[in-house]
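Undergrad: Just passing along the structure, written as structure tokens.
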Amino acid sequence: MPNFQSQTERLQQKAKQRLTPQQLLLGQVIEKPIDQLRDFIEKKELENPALETKASDDDHDVTSDYEQQPASMEQPDLMQDFNAEEIPVQMPRTAGEITYGDTVSFYDKLKEQMGEQELDEKQQFIMNYLIGSLDTDGLLRKDISAINDELAIYHNTDTTDEEIGQVLAILQQFDPAGVGAQDLRQCLLLQIKRKKPSWSTDIARQIIENYFDDLLKNHWRKLQSLFRLTDEQKDAVRSEIKKLNPKPGSSLGEVQGFNIHQITPDFIVKTTYDGQVTLTLNKGDLPELVVSEAYTDLLRDTSALSKRDKEALPMLKKDMESARGLIDALRQRQITLEKIMKAIIRRQYKFFQDGDEADLQPMKLEDIARDTGLDVSTVSRVTNEKYAQTRWGILTLRFFFSAKYEKDGEEMATRKIKLALKEIIDHEDKRHPLTDIRLEEEMKKRGYPIARRTIVKYREQMNIPKASLRRA
């Protein structure tokens, strides 16, 4: 009975949160990066005869409605608006596209494999959403129930957890092995199960499946005893596990190996040598849409229409409303992207001035949502798969977000702590590398009073081995 009531309440909540068609359209155009948006607009223009591309002599790749901000080396007040002047940016190629090496991305590889599957239309939509929800490691760290809610609320798609699970199982069969896993343990299991069967891979699978905590804690003596392994056998099993990749996806929007796929940044952030930071939106080769004059003239005076034309009026009006809705959604997209990027720049102003990662402040999606008055889900969609061209390189918007570490009321970015930790390890005497206890002491000297267990966690996240394995 409690489960039934919970399910009923959830369905009622979904019904209340149904979005209007215009809100759904706005959500679609907001979440699309500029390359995908261009294809989306072209498709809509073909479908709707009331849409036309406005002829324009403007050849600029970037647009901005901002006014000039006085040059200043100081970070502006977070409560004040951030204004920027329009800066002409010489973008390579016609649409601001920057190509490095192979243009086939990890994302494209998954889409190619998706095309080889026999999926119905609904399964294709779910698969596309799952691929788009993968994090930078290629893992899916969202609960299936959360994805179900997102599909219902933001995409008006009714499905079940079971249907999503079935599509996810197909995704987890794609290459590279481990992609689509929902945690590290599953990621390693998906990989080890594809290995050629042998006694060592079988034991490695059992360890990952049943003794994962011991594996994470490096309790190899215990594992050796449990499986009655000789030293040579233990090393062989350990070697099998070391070959597995905890980050099969590398980074979405980037490439397999050393290739980087074609990226068109949505934002151009310029930093002058006197410390002034300015922002423009990249228009690329997006067409400027207008409502067809022929449609407007036709609906302005319907008295002279024939009976047949009058019967078509409802369809004509529907096309007009759809055209105006898309034009308005694109305008709202620009306003929303502008507002969110301004908020990011305000919070990370020092980084944009000097390009030092250590200057990145703790920042979460909720912070930007609070600054802009937008919903967290909107901020999430805007910052996913979008890039900013900066003086310090082309960076994904998610690069600017960092968790925070709080100790005795002092708040620090975990990224800054990791950089300090890495610097200490990089400059240690490799003949006598620092133990985690010594690293804790050194970090305290630098003003980072973090516990040894936190040192271990951050060290492992950066794939830095313990002291005994760093010895030269």
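The values are calculated or read from the model by the stated rules, or taken from the named source; none is laboratory data. Just so it is clear, the structure is predicted and the values come from calculations on it, not from any experiment. Every residue, glycine among them, receives a Cβ derived from its backbone with ideal geometry; neighbour counts consider all protein chains shown. Areas reflect the complete protein model, heavy atoms only, side chains present, ligands, DNA and RNA absent. Shrake-Rupley method; radii C 1.70, N 1.55, O 1.52, S 1.80 Å.
Undergrad: HN-Hα J couplings of segment 43-48 from phi, Karplus 6.51/-1.76/1.60, θ = phi - 60°, integer Hz, Gly and Pro as x?
TA: 5, 5, 5, 5, 6, 10
Undergrad: When 1/r is averaged over all different Cα pairs and the result inverted, which Kirkwood radius in Å belongs to segment 336-472?
TA: The answer is 16.6 Å.
Undergrad: I would also like to ask the following. Skipping prolines and chain starts, which residues have an amide H placed within reach, meaning under 5 Å, of the one on residue 289, given they are 5 or more residues away or on another chain?
TA: Amide H neighbours of residue 289: 54.
Undergrad: So if R0 is 56 Å, what FRET efficiency would residue 427 and residue 124 give, r being the distance between their Cβ atoms, rounded to the nearest 0.05?
TA: 0.60
Undergrad: Which FRET efficiency, nearest 0.05, do residue 463 and residue 214 yield, Cβ-Cβ r, R0 22 Å?
TA: That pair, residue 463 with residue 214, gives E of 0.65.
Undergrad: First check a/c for segment 150-212, with a ≥ b ≥ c the square roots of the eigenvalues of its C-alpha gyration tensor; if it is under 1.5, answer rounded, and if not, answer prolate when a/b is larger than b/c or oblate otherwise.
TA: prolate
Undergrad: Moving on to the next point. Whole number in Å², please: accessible area per residue of segment 323-467, 1.4 Å probe, ligands, DNA and RNA not counted.
TA: 48 Å²
Undergrad: List the lysines whose Cα lies under 22 Å from the Cα of residue 342, skipping any in the same chain that are fewer than 8 positions away.
TA: Straight-distance partners of residue 342: 32, 270, 283, 350, 364, 386, 404.
Undergrad: Can you give the local net charge around residue 372? Use residues other than it whose beta-carbon is closer than 9 angstrom to its beta-carbon, Lys and Arg +1, Asp and Glu -1.
TA: +2
Undergrad: How large is ³J(HN,Hα) for each residue in segment 458-472, as worked out from phi by the Karplus curve 6.51 cos²θ - 1.76 cosθ + 1.60 (θ = phi - 60°), to whole Hz, x for Gly and Pro?
TA: 3J(HN,Hα) across segment 458-472, in whole Hz: 5, 4, 5, 5, 8, 6, 9, x, 6, 3, 5, 8, 9, 5, 7.
Undergrad: List the lysines whose Cα sits under 24 Å from the Cα of residue 193, skipping any in the same chain fewer than 8 residues away.
TA: 109, 111, 142, 217, 222, 234, 242, 243, 247
Undergrad: Could you work out the relative contact order of segment 337-457? I mean the mean sequence separation of Cα pairs under 8 Å and 6+ apart, divided by the number of residues, in percent.
TA: 20 percent
Undergrad: Kindly state, to the nearest 0.05, the FRET efficiency for residue 376 paired with residue 230, given R0 = 35 Å and r defined as their beta-carbon distance.
TA: That gives a FRET efficiency of 0.05.
Undergrad: Could you run the Karplus curve 6.51 cos²θ - 1.76 cosθ + 1.60 with θ = phi - 60° over segment 223-233 and give me ³J(HN,Hα) per residue in whole Hz, x for Gly and Pro?
TA: Coupling constants for segment 223-233: 5, 4, 5, 4, 9, 6, 9, 6, 4, 5, 5 Hz.
Undergrad: Ok, one more. Under 9 Å from the Cβ of residue 434, count the other residues' Cβ atoms, weight Lys and Arg +1, Asp and Glu -1, and hand me the total.
TA: Combined, the nearby Lys, Arg, Asp and Glu give -3.
Undergrad: Write out the trypsin sites (Lys or Arg not before Pro) in segment 170-215 meeting two conditions: DSSP loop, and at most 13 other Cβ atoms within 10 Å of their Cβ.
TA: Answer by residue number: 193, 194.
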